[in-house]
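Colleague: Sharing a structure below in structure tokens format, with a few things to ask.
Coordinate-derived values only; no laboratory data. Just so you know, these numbers come straight off a predicted model, no measurement behind them. Cβ placement follows ideal geometry from the backbone for every residue including glycine, while neighbour counts extend to all protein chains displayed.
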Amino acid sequence: MLFGYDDGHRLLASSKQLPPQDTSVLLGATDAAITSEVARVITGVPLRDSHCYALCVTWPAPEIPRPGAVWSHALVVDMEAMQTLDQPSRLVVLARHPRGRTDEYREPLVDPDLEPPRPAPEFSELLIEIVLAAYAPDAPRTVVTSALGLAEGLLLALWDAQWPALRMNFGFRTRDQARADTASGEITVARRIRGMRPVETQPRTLPPWVVEVARSLTAINSSAIRGFLSEFGPLDRPEPGTVSALAEIYVAAGRSHSIEVREELEGRFPRPDAATLLKRELFGEDQNRWWDLSEQTRIATLLGARVDAWDPSDLGLVDRVGRLIQLDQLGATLDSVSERLSETMARVVLTALLGVGRPRDFGDVAKRDVPLAAAWLSESPELASDPRTWSDVDAASVEGVLRAMGVVPDHVLAAAINGQHIEAAVRVSGICRALRLAGDAGNFDAVRILLHDRSVNAVADSCHNDSRALMVLAVAANDGMLPRLVEAIDGERGKADEVWLRAAVCALTSRHPPDGAILEVIFGPLHHAITDDRLPRDCWRDLDHVLPTASDPALRLRRLLLKVSRDENWDASRFKLALRDAGPYSDQLLRELDGSDPVAGLIRAILGLVGLRW
């Protein structure tokens, strides 16, 4: 397409008809005022309506009387052809000054002969300025230099280095003079600036990526950063900001600044389904092409993510964390995460822990991430019940985990108590509940530890309405606490489990000689437990001192009942109380006490209790 003066600047000849909007764009792009000091200027401009690109060369036309007249040849290339060009800048050799002839511009150029590849430019301050203007988000888009010929080559080298989609959207031009406020998407290199240009008052610090990109343009062969941009640029938006973002990521990766790389990726691609290939390349498993970073560091960097920009499934993160757990590296990995895990990353680690975590890993997790440890306990009852879970865990961590759970299940609290953390259990759930759970687990040693610096009576006062807690307290403290203990035993009489039996023995042995009121409450269930062999063996050590001798343990208890009833002159009603739930023969004895002759029945019952017949 040839543009020039004919009663105004207009299209003079063309081998292709473009949409009116694109023709208008080219009219503006080619109408460039040029003085005699400039041989030519170039313009690269996207033609969006026709999906083409135009590379324009404009010359002064001094032979035309009108001042400022120019000739301009626009080479229009479609998208398909642009995809095949390694160096689109070589098209510039096809630009032809008309020399007054226009007919040859009416035929398209099909498979034209191009010169060999252009040589790489030399590294220079001007090259840095052009890269900065082209790609830096906040940099001015206009560069001033008197060397427009050199600037033309640098702009074309910059254009060559871009991937096809970016080339098709990148605008650039050289000009004799230009305004400082050019459009943000177009870079201009001019000899002079019209209007006021802001004066820089602060020393300028170049981002490291600018120098890296500039040096890559001077490389004879493709450089590493250019390969990085070519591989991942096409996956992003075709705009200059993509180059700066990816170049920053590349430079940070080269310095092994993993957190900086992660934050750049999160800022640029905040959705998990965006730039998945790039994210996988840099933070996936065994991907070290662009940096030398250990697997542990990459995982720790991902776990510290503050933006939900990552797809754990695509990165295989659960399995990778699981392998760190198996290598005993989870604690060190969590140590390197400066903040608490996000919800997404906490779920990743929790899933890995539920899969391959061991009880001995709990302490490492609890010391470093209390909410994570609490979630692990909540979702793994087996973990809480394993004694190894609670070994080597400090009390502060245990208390923090229990509090983080909110409503702590009984099995978790009991496991913590059995793991020698009863103080933490008391602070979280109160002393009465801790006493009950310790008793249920038969862990009276833990209660004794709790009572080491506490008054038994003070604890009893705080649990005065809790029969179960009072019984556990009495057993652990070996303190009868009568009459509160008797009342508690009577209230829990229907259970007669180990705690009740121990409390009953404690109450029975707390008086010498044994008290008949106590025997009325405990005799039946205690006698039944003895006949069923359910009485804990160590209880006999205490009972042995108060029971009469006999060949049978149950008989010894019955003889004690006979002795106490005789000493205290019991009547039939007291025997009825004592014989409740006494096990074998108790119903028969009670019927005899309810017979027509209560006195004879009482005598028969007493004799039967001690193994004699009427």
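Colleague: Give me the one-decimal Kirkwood hydrodynamic radius in Å for the chain, with the sum taken over alpha-carbon pairs.
Modeller: Taking the inverse mean of 1/r over all distinct Cα pairs, the chain comes out at 32.6 Å.
Colleague: Just checking the chain: which Cys have no other cysteine's beta-carbon under 4.7 Å?
Modeller: 52, 56, 506, 539
Colleague: Okay, next question. State the antiparallel share, in %, of DSSP beta bridges confined to the chain, rounding to the nearest 5.
Modeller: 70
Colleague: May I ask you to derive the FRET efficiency for residue 294 and residue 273 from their Cβ-Cβ distance with R0 = 22 Å, giving the value to the nearest 0.05?
Modeller: The formula returns an efficiency of 0.20 here.
Colleague: Right, here's the next one. Per-residue ellipticity at 222 nm for the chain, helices alone: DSSP H runs ≥ 4 residues times -39500 (n - 2.57), over residue total, nearest 500 deg cm²/dmol?
Modeller: -14500 deg cm²/dmol
Colleague: Of 135, 5, how do they rank once you tally other Cβ atoms within 10 Å and put the fewest first?
Modeller: 5, 135
Colleague: Another one. Check the straight Cα-Cα distances from residue 495 and name the lysines below 30 Å, setting aside those fewer than 8 residues away within the same chain.
Modeller: Cross-link targets: 563, 576.
Colleague: On full extension of the chain, what length is gained from residue 319 through residue 110, given 0.36 nm per residue of separation minus the C-alpha to C-alpha distance?
Modeller: My answer for the length gained is 69.7 nm.
Colleague: Gain in length, residue 21 to residue 51, computed as 0.36 nm per residue apart minus the alpha-carbon separation, to one decimal in nm?
Modeller: 9.6 nm
Colleague: Ok, one more. Using Cβ counts within 10 Å as a stand-in for footprinting exposure, how do 539, 506 rank, fewest first?
Modeller: By the 10 Å Cβ count, ascending: 539, 506.
Colleague: Testing the spin-label approximation: label points 7 Å from Cα along Cα→Cβ at residue 581 and residue 266. State their distance in nm.
Modeller: Between residue 581 and residue 266, the label points sit 6.1 nm apart.
Colleague: To continue, here is another question. Which of the aspartates and glutamates could be linked to residue 367 by a straight reach, that is with a Cα gap under 17 Å, when you skip same-chain ones fewer than 8 residues away?
Modeller: Partners found: 328, 335, 339, 392, 394, 399.
Colleague: Here's a follow-up. With label points built 7 Å along Cα→Cβ from the Cα atoms of residue 339 and residue 204, find their separation and express it in nm.
Modeller: Inter-label distance under the simple model: 3.4 nm.
Colleague: Just how large is the dipole of the chain about the Cα centre, in debye to the nearest 20, putting +1 at every Lys and Arg Cβ and -1 at every Asp and Glu Cβ?
Modeller: That gives the chain a dipole magnitude of about 560 debye.
Colleague: At 0.36 nm per residue, and after removing the present C-alpha to C-alpha distance, how many nm does the segment from residue 177 to residue 533 gain when stretched out fully?
Modeller: That pair, residue 177 and residue 533, stretches by 117.3 nm at full extension.
Colleague: If we count other beta carbons within 10 Å of each Cβ, what is the order of 97, 73, fewest first?
Modeller: Least crowded to most crowded, the residues run 97, 73.
Colleague: Please give the peptides 222-230, 514-522, 530-538 ranked by average Cβ packing (other Cβ atoms within 10 Å per residue), highest first, as a rough proxy for protection.
Modeller: Ranking, from highest mean packing down: 514-522, 222-230, 530-538.
Colleague: Okay, next question. For a label point 7 Å from the Cα of residue 453 along Cα→C-beta, name the residues of the range 425-442 whose backbone N is under 20 Å from it.
Modeller: 425-432, 434-435
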